[in-house]
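The values are calculated or read from the model by the stated rules, or taken from the named source; none is laboratory data. Worth saying up front: this structure is predicted, and the values here are computed from it rather than measured. FYI the Cβ positions are ideal-geometry reconstructions off the backbone, even for glycines, and counts take in every protein chain you see. Surface areas here come from the heavy atoms of the whole protein model, side chains and all, with no ligands, DNA or RNA. Shrake-Rupley method; radii C 1.70, N 1.55, O 1.52, S 1.80 Å.
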Amino acid sequence: MATAVSSPAPTLIGSVQRAMRLLEAVAAHADGAPAKQLAREAGLPLPTAYHLLRTLTHEGYLRRDRGVFVFGPAAERLTSSGAEQNRRSKIGDVLAHWRDAIGVPVYFAVYRDGEVEVVDIADKPGNPAVEEWADFRQTAHAHAIGQCLLSQLDEEDRREHLDRHPAQSITPYTVRDSGTLMRRLERTGRMQPVVEQQEYALGTVCAAVPITVGTTAATLAISLPLHQRGRLLPAVRELQSEVGRKLATLAFSISI
């Protein structure tokens, strides 16, 4: 009978384990805790706890405030980074679901601090997203994502955006000036889908669904090759009908 070969035990760093136990003890107290209490809860001798607490404070993971230890800026940065990764993962899962269900690349974008920001894209090698050959932020007038976001702004904010990023032709089908775009946006219903054909990229058609959460303008968009443009409106209607089911996740993701 063959003898099972056991995997070697991992090499563990005891001081790191003890420091992590102290950080976990700090996390259990919203208002902080003194060294003696943290040592007791972490199961550490008080001298060891003091040494580790001083080190963690020096490195910015903890700070001492009126005799108690609380998380410092380094730990807060780790926490915020983890939360952001979690939010991005959630929105990525939602977009991937729609990509697979509808069979098109799906984009999620917001209008933040006066600029178009594409938060995430879900596509596949055989059905790729549109290549960003011209900066999406500077060409909002030319693509469905940007037009949809601008349609949700008031007239003053639209003009301010177009003063910074004037409309200009980037393909033969692009709107040629800001005045023409403003008139088009005025005719667009505030929460109606926006469709563009080859205005940003030749051989591509796109549509975008507006989403407004609080004061933030956001959009979900899809794209298709020109020869499949007959699928565009049915696909965007399907996407629009599904948005309500995932609105909580989208709203959560807007804070990224």
Out of all the residues in the stretch 10-41, which are in contact (Cβ under 8 Å) with a residue 12 or more places away in the chain and part of a loop (DSSP other than H, G, I, E, B)? 28, 29, 31, 32, 34
Can you tell me how many residues within the stretch 193-202 are open to solvent by 30 Å² or more (accessible area, probe 1.4 Å) and assigned to a loop (DSSP other than H, G, I, E, B)? 2
The residue that is farthest from residue 101 (Cα to Cα), considering only those in the stretch 235-252 that are modelled with pLDDT of 90 or more and open to solvent by less than 70 Å² (accessible area, probe 1.4 Å), is 236
Going through the stretch 182-192 one residue at a time, which ones are modelled with pLDDT of 90 or more and either open to solvent by less than 50 Å² (accessible area, probe 1.4 Å) or among the polar types (S, T, N, Q) (or both)? 182, 185
Within the set of pairs 6 or more residues apart or between chains, which connect a residue that is over 15 Å from residue 169 (Cα atoms) and in contact (Cβ under 8 Å) with a residue 60 or more places away in the chain inside the stretch 132-158 to a residue that is open to solvent by 50 Å² or more (accessible area, probe 1.4 Å) and not β-branched (Val, Ile, Thr) with Cβ atoms less than 7 Å apart? 152/190
May I ask you to list pairs of residues, at least six apart or on different chains, whose Cβ atoms are under 7 Å apart, with the first in the stretch 42-65 being closer than 14 Å to residue 16 by Cα and the second being assigned to a loop (DSSP other than H, G, I, E, B)? 61/72
Take the residues in the stretch 204-224 that are among the hydroxyl-bearing types (Ser, Thr, Tyr) and at pLDDT 95 or above; name whichever of them is least open to solvent (accessible area, probe 1.4 Å). 223
Would you be able to say whether some residue in the stretch 163-172 is within 29 Å of the chain's Cα centre (by Cα) and not in a loop (DSSP other than H, G, I, E, B)? yes
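Out of everything in the stretch 108-118 that is open to solvent by 30 Å² or more (accessible area, probe 1.4 Å) and touching a residue at least 24 places away in the same chain (Cβ under 8 Å), what residue ends up being farthest from residue 97 (Cα to Cα)?
Among those that are open to solvent by 30 Å² or more (accessible area, probe 1.4 Å) and touching a residue at least 24 places away in the same chain (Cβ under 8 Å), it is 112.
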Residues (in a loop (DSSP other than H, G, I, E, B) and either buried (at least 16 other Cβ atoms within 10 Å of the Cβ) or acidic (Asp, Glu) (or both)) located in the stretch 119-136: 123, 129, 130, 131, 132, 135, 136
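Quick one: in the stretch 137-158, of everything that is outside any helix (DSSP H, G or I) and touching an Asp or Glu at 6+ places or on another chain (Cβ under 8 Å), which residue is modelled with the lowest pLDDT?
Across the stretch 137-158, the extreme among qualifying residues is 137.
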Taking the stretch 133-149 and keeping residues under 19 Å from residue 222 (Cβ atoms) and either touching a strand residue (DSSP E or B) at 6+ places or on another chain (Cβ under 8 Å) or among the basic types (Lys, Arg) (or both) leaves 136, 140, 142, 143, 144, 145, 146, 147, 148, 149
Tell me whether the stretch 167-181 contains one or more residues that are exposed (fewer than 13 other Cβ atoms within 10 Å of the Cβ) and either in contact with a His (Cβ under 7 Å, 6 or more places away or on another chain) or under 17 Å from residue 208 (Cβ atoms) (or both). no
Just to check your reading of the model, which residue among 174, 180 is without any contact (Cβ under 8 Å) to a residue 24 or more places away in the chain and among the polar types (S, T, N, Q)? 180
